[in-house]
Amino acid sequence: MDPNQTQQQLAQLTAALAFLMDKERTQHEVREGHFKAPMPGKFNGSRDAIAVENWIGDVDQYFKFTKMPVDKEFDFAILLLEGNAKVWWRRYAMIKKDDAPASWEELQEAIRDYFVPAGAYVQARSRLYYLRQTGSVQSYIEEFQEIRMVVGNVSEPEALDKFVRGLRLPVEEHVRIHNPQTVDRAMELALNYEDARSGVRVPKQTWKQTTYRGPQPMDLDYAETQHHGNRRGDKSKKKKKKVSKKPVECYACGEDHFVKECPLVKGVAESLKGKARSV
């Protein structure tokens, strides 16, 4: 056997063995609960409310996951400061001396006071109030969550109201029909509506393969097509093949009528139109 080929095979076997050992060690650590949490990133002193809140949230999560002793949190957080943040802390501690922060909670407040621009939280609350969906539901959710994180003290009912009001009218109607009680549920409903409209993530139980390519039950003109029939069709073909009519089911409330005749949808639509007139 060629010595070069033998050496190459040994190298491949060594790599495969190392991979398997690493995989087994990882699985063992997961089973035993010994896997390591990723280290939070460092804070470089960015004067941006979202950057500040993201960094504080990451550090909080790390402390919670690793069960960091409270008396060690402050010293650990100081090690995560770099650049302008590190320079600021050294000057701040020198000036404040005994009054300088000595706990992680106090350090958070000092960082917010200095690095978050004045009025950022007021501006964020105003942005949350006037936020409207202009693109996809997913992009609207991401922007909503970022702003809510900066504001901080938004109650669940208030956040739910603001989120639903900011959706585009068809999506808002769909969400209100289902009367969600949490922001997470409202987000799920909004995403499901958008996915259904774009043909993405169609539930398997509602997708049935068929050779029929005519109007579907969710089309608003379906009722007229079924009622009047195709007057131009060939009568002889009708005799040979009859298309069985499936029971009508409203996709909004589940009752036996079409969505355009749904009293629940009409009620919500009228309510929203009335709201729009009063603005």
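The values are calculated or read from the model by the stated rules, or taken from the named source; none is laboratory data. As the structure is a computational prediction, the values presented were derived from the model and not from experiment. Cβ coordinates were reconstructed from backbone atoms using ideal geometry, including for glycine residues, and neighbour counts include every protein chain displayed.
Of all residues in region 130-188, those being among the basic types (Lys, Arg), assigned to a loop (DSSP other than H, G, I, E, B) and within 30 Å of Ala118 (Cβ to Cβ) number 1. When residues in region 106-129 are screened for being without any contact (Cβ under 8 Å) to a residue 60 or more places away in the chain and assigned to a loop (DSSP other than H, G, I, E, B), 2 of them pass. Return the residues of region 62-85 that are closer than 18 Å to Gly41 by Cα, in a helix (DSSP H, G or I) and either touching a Ser or Thr at 6+ places or on another chain (Cβ under 9 Å) or touching a residue at least 40 places away in the same chain (Cβ under 8 Å) (or both); say none if nothing qualifies. Correct list: Phe63, Glu73, Phe74, Asn84, Ala85. Criterion applied to His174, His178 was being in contact with a Leu (Cβ under 7 Å, 6 or more places away or on another chain), outside the structural domain of Asn54 (by TED's automatic domain parsing) and crowded, with 20+ Cβ neighbours inside 10 Å, and the one residue passing it is His174. Screening region 134-160 for residues that are polar (S, T, N, Q) and within 14 Å of the chain's Cα centre (by Cα) and picking the one that is farthest from Ala190 (Cα to Cα) gives Gln145.
The set of residues in region 79-88 being within 25 Å of Thr66 (Cα to Cα) and surrounded by 16 or more Cβ atoms within 10 Å (Cβ to Cβ) consists of Leu80, Leu81, Ala85, Lys86. Annotation note: of Ile111, Ile141, Ile78, the sole residue that is in the same structural domain as Glu173 (by TED's automatic domain parsing), out of contact with any Cys (no Cβ under 6 Å at 6 or more places or on another chain) and on the phi < 0 side of the Ramachandran plot is Ile141. For region 147-171, residues that are over 30 Å from Cys262 (Cβ atoms) and surrounded by fewer than 17 Cβ atoms within 10 Å (Cβ to Cβ) total 4. Against the conditions (1) surrounded by fewer than 19 Cβ atoms within 10 Å (Cβ to Cβ); (2) within 14 Å of the chain's Cα centre (by Cα), Leu189 satisfies every one except (1).
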